[in-house]
Structure formats: structure tokens, C-alpha cells
Amino acid sequence: MQSIIDIDKESFKTQLIELKKNLRKDSFGFIKDFNINFNNVEMVEDTFKVTRNANMLNPFRGTGQIIGQLNESNKSETIIDYIVKPEISLTQYYIFLSLFFAAWLAYSIYLGDLLLSAIGLVATGLIFLFIYLLNRFQINSLNNYFQKVLNQIKTGSNIH
């Protein structure tokens, strides 16, 4: 994916360092969904990594990493190529359940019970749909978070 920010590459790095240095402690920041902890933003040369973790009051928000590469297009704009890597820890269990329902479907077809096989087919489809929607939700949430991080770096303020 790609994002364009109206700030040059060196100013971007300087703003990020300043935000990390002057990070304001917000006593109720854990309640906000878009509370940005700049301690979870790492910068190495032109590559930076933003890590977002779940917290106590938002356990289902988009968690994962965003890895970005800074590419300067001209003096006042920077193009950021980034990859979103969502963290879905329950995927293995959903795959196991899907395999279980697939085996159920095969067994019910073997028995010749059409209703039982239809139930297995619908349940398997719903689990795959749930996995897909969960993944899309995670990616969308991480994209929104990343845009918020970029806006705060651009403005140079960590006040929401």
C-alpha cells in the first residue's frame, strides 16, 4: 500500500524523534482507541515499524505491525510504501474447526444424510466467512491507526 504525506523525509524523522522524546503521559489514554504510544514506533534509516497491541479495554482492536519505507518524491512530499501485518492468534483454531467440519461433511455424505451434510457445509462456510471478516477488520483498523500516526507525525503533536 502507499500513502503520501506533505512533509519531507528528514522532517519526518526529526518529528518522530521529537514525539518519542516528548511523549506525554495520558492517564486515561488506555481508554481511547487511537491512543498512540510512540515508544512502539521504531525507525531504522528509512524504514520504520509501528506496532499496535491490544489492551485491557480494547482487546479486539486491530493488532499487528505496519512496516513502512520512506521514499522522497520531491522536496515537500514523502511517499510511504507500507505493509500491514495483522496479528490473528486464533487462526490456527479456526483452521482446525474448519477441518473438523470438512471431515463432518465428508462423513455425512458417506452416510447419505443430506440434512447433516448441509448443516456441515453451512457451518464451514460461516467459519471461513468469519475468518475473512476478522482479517479484513484487523487490516482496516491498522490502516486507520497508521493514518493517525502519520497525521500526528506531520503535525508534530501527540495531543488527540
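Treat each spin label as a single point 7 Å out from the Cα along the C-beta direction, and report the TYR110 to LEU126 distance in nm.
Between TYR110 and LEU126, the simple spin-label model gives 2.5 nm.
Greater than 19 Å separation of Cα atoms is the criterion. Which listed pairs, LYS20/LYS85; LYS13/LYS85; LYS9/LYS49; LYS49/LYS154; LYS49/LYS85, meet it?
Numbers: LYS20/LYS85 23 Å; LYS13/LYS85 22 Å; LYS9/LYS49 15 Å; LYS49/LYS154 17 Å; LYS49/LYS85 11 Å.
Flagged as over cut-off: LYS20/LYS85; LYS13/LYS85.
Where does the charge balance sit around ASP8 when Lys and Arg score +1, Asp and Glu -1, over other residues with C-beta under 14 Å from its C-beta?
Cβ neighbours under 14 Å give a net charge of -1.
Report the extension gain between ALA118 and ASN40 in nm, rounded to one decimal, defined as 0.36 nm multiplied by the number of residues separating them, less their alpha carbon distance. Walk me through the numbers on the way to the answer.
Values: separation 78, 0.36 × 78 = 28.08 nm, distance 4.69 nm.
That works out to 23.4 nm of additional length.
State, to one decimal in nm, how far the label point of ASN74 lies from the label point of ILE139, with both points 7 Å from Cα in the Cβ direction.
Between ASN74 and ILE139, the label points sit 3.1 nm apart.
Every number in this text was worked out from the coordinates using simple rules, so none of it is lab data. Everything numeric in this text was worked out from a predicted model, so none of it was measured. Every residue, glycine among them, receives a Cβ derived from its backbone with ideal geometry; neighbour counts consider all protein chains shown.
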